[in-house]
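Step one of this worksheet: look at the structure below.
The values are calculated or read from the model by the stated rules, or taken from the named source; none is laboratory data. Note that the structure is predicted; figures quoted are calculated from it, not measured. Backbone-built Cβ (ideal geometry, glycine too); neighbour counts: all protein chains shown. All accessible areas refer to the heavy atoms of the entire protein, side chains included, with ligands and DNA or RNA removed. Shrake-Rupley method; radii C 1.70, N 1.55, O 1.52, S 1.80 Å.
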Amino acid sequence: MPGAVEEFLRYDSPICMATTRFTTEPVDVGGVEIPQDELVLLSLGAANRDPARFQDPDRLILDRRDAGHLAFGGGIHRCLGALLGKLETEIALTALLTRFPGTTLACQERDLRWRNTMMLRGLEALPLTLRR
Ligand code: HEM
């Protein structure tokens, strides 16, 4: 489960965009120079699907070996609640799947709606049928 949670975070990063940054000096990112005093939006979701970093990035691989996603950001502003967030998810998913191992989606996959926001990626609702 811990590995699966890491892969869920990489594959569908709940916080797609980090908070805005401003350059205080010119910065070179992958050969592109960003001038001083620019507003910069960092797409953590895109970084987590970078084919130069992850093998077969658009596939959900629960026992992925190339770990190390940016779903919690990085550097001095890395998420303070990362360990808590992962632990809560592990506990909740383990409890759900242990109690209701036959759980299935209660709607067509195409009817799932994603929240219309740039920052917090998530479903508006996840209808499930719980089966023991
Ligand atoms: C799965 C759940 C979570 C995800 C995906 C997540 C993601 C993130 C990300 C990406 C950042 C960095 C934003 C940036 O650099 O602009 C961040 C920062 C932060 N997170 Fe979380 N977070 C989660 C849960 C939590 C929880 C449970 C707490 C507190 C109990 C928390 C507290 C914080 C704080 C205080 C910061 C700011 C750190 C700083 O700026 O120095 N997060 N989070």
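State whether one or more residues within region 78-88 are part of a loop (DSSP other than H, G, I, E, B), charged (D, E, K, R), open to solvent by 40 Å² or more (accessible area, probe 1.4 Å) and within 16 Å of the ligand (Cβ to nearest atom). Yes, there is a match, as at least one residue in region 78-88 is part of a loop (DSSP other than H, G, I, E, B), charged (D, E, K, R), open to solvent by 40 Å² or more (accessible area, probe 1.4 Å) and within 16 Å of the ligand (Cβ to nearest atom). Hey, any hits in region 25-37 for a residue that's in contact (Cβ under 8 Å) with a residue 24 or more places away in the chain and either assigned to a loop (DSSP other than H, G, I, E, B) or more than 19 Å from ALA4 (Cβ to Cβ) (or both)? No: zero hits. Being of a type in the set (Asp, Glu) and open to solvent by less than 90 Å² (accessible area, probe 1.4 Å) holds for only one residue in GLU7, GLU25, and it is GLU7. When residues in region 8-34 are screened for being over 8 Å from the mean Cα position of the chain (by Cα) and under 30 Å from LEU93 (Cα atoms), 3 of them pass. Applying a threshold of 6 Å to beta carbon distances and a minimum spacing of six or more residues, or different chains, the list of pairs starting in region 104-124 at a residue that is closer than 21 Å to SER43 by Cα and ending at one that is open to solvent by 90 Å² or more (accessible area, probe 1.4 Å) and of a type in the set (Lys, Arg) reads GLY122/ARG115.
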